[in-house]
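*Asks:* Below is one structure. I have some questions about it.
Bear in mind that the values in this text are calculations on the coordinates, not laboratory data. What you see is a predicted model; the values in this text were computed from it and never measured. Here Cβ is always computed from backbone atoms with ideal geometry, including for glycine, and neighbour counts include all displayed protein chains.
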Amino acid sequence: MKNVKSLSLIATVLIALGFFGSRTYAAEENPCLVCHVKFNKPATSVHAVLASGCQACHMTVEGKKHPEHKDSIQLIRDVPQVCYDCHDRSQFKGKSVHPPVIIDTCTACHNPHQSNFKVLLTKDIPGLCFDCHNESKFKDKSVHPPVGKGLCMSCHKPHASTFSKMLINDPPELCYRCHDKKLFTKKHVHVAAAIPNGCNLCHNPHAGSNQALLLQPVFDLCISCHSDQKEGMHIIGSMRLGFGESIHPVKGIDDPSNPSKKLTCTSCHTPHSSDFPNLFLNNNLCKRCHKEY
Ligand code: HEC
Ligand code: HEC
Ligand code: HEC
Ligand code: HEC
Ligand code: HEC
Ligand code: HEC
Ligand code: HEC
Ligand code: HEC
Ligand code: HEC
Ligand code: HEC
Ligand code: HEC
């Protein structure tokens, strides 16, 4: 009698210590694993909740025998509700929400049990993304290094965000995570580069066929907003040097200050910001190419 009592006391203590609890999910402790042996195999990521058994998500249907009867085991709630039992719903809401999350298919990207990729993903990134997004848009003559390395998550959230396009921040702040903010915030800042999402007015964040991921070649890009400057009248006229109606070349010939490049708007102006007025590349601009001035 005494022995039985102390045995049950020991058992109670052991249960309280979690001895029979859920640290492992070997077949002896989880009867489901007797037959569902694949859940015993090691994997890159295993859903932590499996350790406490299968009943966190599945239940046996009364009156039916498993596995003989169809539908003998069901989810306690449909996806994604069953996931929201433990995962804070707010993470899946925001200004922009990923459509597959809106249409409630967590399992489009995650295996609910375990996976050979990190974070229970069904595939690695970016391969997973290219299942639904045309890969060719991310491949071109020049590719943004983080895109080329498949680091989609360095700019995007997978589910939802308080910014547009599931971004972790709006440009330019997003871009300053990796690009030195000082280069874009000198004394005179180009209005186009300063406004929210301004970087996207000129650059493709992923890939492109022009240098520096530009949406168009430099000259075309600049005159898309400054059509009045395309003839070069502004350069000489404004200096009031008495050249009358002369037109300064702005394209088509070599740039004397940079022999490997052709003359264009950025031979004299920086597209981002400058310590000099008119976004000039340097003080005494004319001297850059004309010794006589
Ligand atoms: C006696 C062996 C056995 C045991 C024990 C067992 N299963 Fe199954 N289970 C099966 C077989 C066989 C299938 C059918 C497999 C198939 O169709 O590919 C199955 C299918 C399933 C399915 C998918 C089909 C369905 O019915 O919706 C789920 C979910 C499932 N089992 C969960 C469980 C859970 C949870 C447990 C523990 C409570 C469990 N099983 C215990 C053998 C077993
Ligand atoms: C976090 C919730 C969750 C837990 C815990 C869970 N499952 Fe599932 N299981 C699911 C969901 C969701 C599906 C349906 C997957 C789908 O629709 O593609 C599923 C499907 C299945 C299936 C059929 C598809 C397949 O992958 O073979 C089996 C079998 C299964 N579960 C067995 C188990 C067993 C055994 C356990 C415990 C070791 C378990 N599950 C624990 C959520 C869970
Ligand atoms: C009973 C609670 C519970 C339920 C239900 C649940 N999870 Fe989890 N999930 C957890 C816990 C606990 C972790 C580990 C949390 C951590 O590491 O911070 C986790 C982690 C995850 C992870 C990250 C895994 C990793 O390796 O980093 C993913 C993805 C995930 N769950 C998806 C789901 C999905 C999809 C569903 C619905 C099918 C679901 N969960 C349902 C408890 C749950
Ligand atoms: C379009 C694919 C996709 C869908 C759909 C999706 N996820 Fe994820 N999820 C991911 C990716 C990718 C990560 C890993 C992000 C990383 O590497 O930091 C992730 C990470 C997670 C994590 C780990 C914690 C975190 O936020 O990093 C949890 C938990 C999670 N997802 C749960 C869910 C649930 C629940 C659903 C359904 C409501 C869902 N996911 C739908 C792609 C998806
Ligand atoms: C299951 C399909 C699916 C997968 C997998 C998927 N997406 Fe999507 N995603 C969509 C759909 C559908 C849209 C809406 C149409 C579009 O913009 O192409 C979308 C839109 C987006 C958007 C724009 C959101 C907005 O607010 O306009 C981003 C950013 C995005 N996905 C990134 C990713 C990344 C990164 C991955 C990989 C981690 C990924 N997607 C994986 C289906 C998917
Ligand atoms: C350097 C940051 C950055 C990286 C890395 C990045 N993106 Fe984006 N992505 C953006 C920005 C910024 C936008 C918004 C563009 C706009 O509004 O014009 C965007 C938009 C999108 C969109 C919406 C449709 C579109 O083209 O405008 C999808 C889909 C998308 N990204 C998928 C991906 C995928 C998949 C990867 C990885 C292969 C990835 N992104 C990597 C910054 C990034
Ligand atoms: C996760 C880090 C990261 C983020 C965020 C990022 N970039 Fe980059 N970017 C790089 C790296 C690395 C390079 C290559 C080295 C360099 O030029 O600094 C690069 C290069 C560039 C180039 C030159 C490409 C070429 O072919 O010459 C442009 C243009 C660019 N980034 C624009 C942006 C814009 C616009 C944003 C914000 C939407 C942004 N970047 C956000 C990492 C990043
Ligand atoms: C008005 C158009 C325009 C805007 C807006 C713009 N850029 Fe640029 N960017 C350019 C041009 C043109 C070049 C190529 C410069 C050259 O060839 O001398 C360039 C080059 C770059 C480079 C390559 C390195 C360098 O400085 O030459 C990076 C990185 C870059 N831009 C990031 C950004 C970021 C971040 C933003 C937003 C803060 C931004 N750009 C806004 C036009 C623009
Ligand atoms: C998306 C439209 C847009 C594009 C593209 C654009 N700009 Fe601008 N730019 C502006 C706006 C708006 C202003 C401010 C109003 C004004 O002076 O017209 C401005 C002003 C300027 C100024 C005067 C700055 C000052 O401090 O006085 C220069 C110089 C300039 N841009 C050069 C360029 C060059 C070079 C390019 C091509 C690399 C370019 N812009 C492309 C919109 C644009
Ligand atoms: C050879 C050098 C040079 C080149 C090339 C050049 N600019 Fe200028 N730009 C100047 C000078 C000098 C001024 C100063 C005008 C003033 O003081 O009023 C100026 C001023 C400007 C201004 C602001 C003043 C105004 O007139 O509104 C804009 C905008 C501008 N340039 C755009 C462009 C664009 C676009 C291109 C390419 C089509 C271009 N520039 C090519 C030298 C140049
Ligand atoms: C980036 C180089 C560059 C800068 C900076 C530059 N120029 Fe020029 N300029 C040229 C080139 C190239 C030509 C045509 C070839 C030549 O005559 O040297 C030219 C031609 C001229 C001509 C016509 C000469 C002739 O013989 O017809 C005048 C005048 C002139 N520039 C004035 C200026 C003034 C004033 C400035 C400063 C506001 C200036 N330039 C800045 C490159 C530049």
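*Asks:* Write down the percent of antiparallel bridges among all DSSP beta bridges whose residues are both part of the chain, to the nearest 5. Display every interim value, and only then the final one.
*Replies:* Working: 16 of 16 bridges.
Here the antiparallel bridges make up roughly 100 percent for the chain.
*Asks:* Sticking with this structure for a sec: Residues of the range 115-138 with the amide nitrogen closer than 20 Å to a label point 7 Å from the Cα of Ile102, along Cα-to-Cβ, please.
*Replies:* Once the point is set 7 Å along Cα→Cβ of Ile102, 129-134 turn out to lie under 20 Å by backbone N, inside the range 115-138.
*Asks:* Can you give the alpha-carbon Rg of the range 133-270 over 2.2 N^0.38 Å, where N counts its residues?
*Replies:* 1.28
*Asks:* Where the centre of each part is set by its Cα atoms, how far does the range 183-233 sit from the range 92-148, in angstrom?
*Replies:* Rounded to whole Å, the Cα centres lie 30 Å apart.
*Asks:* Let me have the relative contact order for the range 169-288, percent, based on Cα pairs under 8 Å that are six or more residues apart. Write out the running numbers ahead of the final one.
*Replies:* Details: 144 pairs, mean separation 30.0, N = 120.
Taking the mean separation of contacting Cα pairs over the length of the range 169-288, I get 25 percent.
*Asks:* Which lysines have a Cα less than 19 Å from the Cα of Lys123, not counting those fewer than 8 places away in the same chain?
*Replies:* Lys38, Lys41, Lys149, Lys157
*Asks:* Here is a follow-up. Name the long-range amide H neighbours of Ala207: under 5 Å, sequence gap of 5 or more, or other chain; modelled H, no Pro or chain starts.
*Replies:* The list, which skips near neighbours in sequence, is His144.
*Asks:* Report the dimensions of the range 187-227 along its three principal axes from the alpha-carbon atoms, largest first, rounded to Å.
*Replies:* Over the range 187-227, Cα extents along the principal axes are 30, 24, 15 Å.
*Asks:* Quick one: 3J(HN,Hα) in Hz for the range 68-74, Karplus 6.51/-1.76/1.60 with θ = phi - 60°, rounded, Gly and Pro as x.
*Replies:* Along the range 68-74, the couplings run 4, 8, 5, 6, 6, 10, 10 Hz.
*Asks:* Taking the Cα centre of the range 191-286 as origin, work out the dipole magnitude from +1 charges on Lys and Arg Cβ and -1 charges on Asp and Glu Cβ, in debye rounded to 20.
*Replies:* Dipole magnitude for the range 191-286 comes out near 80 debye.
*Asks:* Can you tell me the equivalent ellipsoid semi-axes for the chain? Use √(5λ) from the Cα gyration tensor, largest first, whole Å.
*Replies:* Sorted largest first and rounded, they come to 66, 19, 16 Å.
*Asks:* Just tell me which aspartates and glutamates come within less than 13 Å, Cα to Cα, of Lys230; anything on the same chain fewer than 8 places away is out.
*Replies:* Output for Lys230: Asp220.
*Asks:* Using a Gaussian network for the chain with springs between C-alpha atoms less than 10 Å apart, which of these wobbles most: Lys137, Lys157, Lys165?
*Replies:* So, out of Lys137, Lys157, Lys165, the one fluctuating most is Lys137.
*Asks:* Averaging sequence separations of C-alpha pairs under 8 Å and six or more residues apart, then dividing by the length of the chain, give the relative contact order as a whole percent.
*Replies:* For the chain, the relative contact order is 12 percent.
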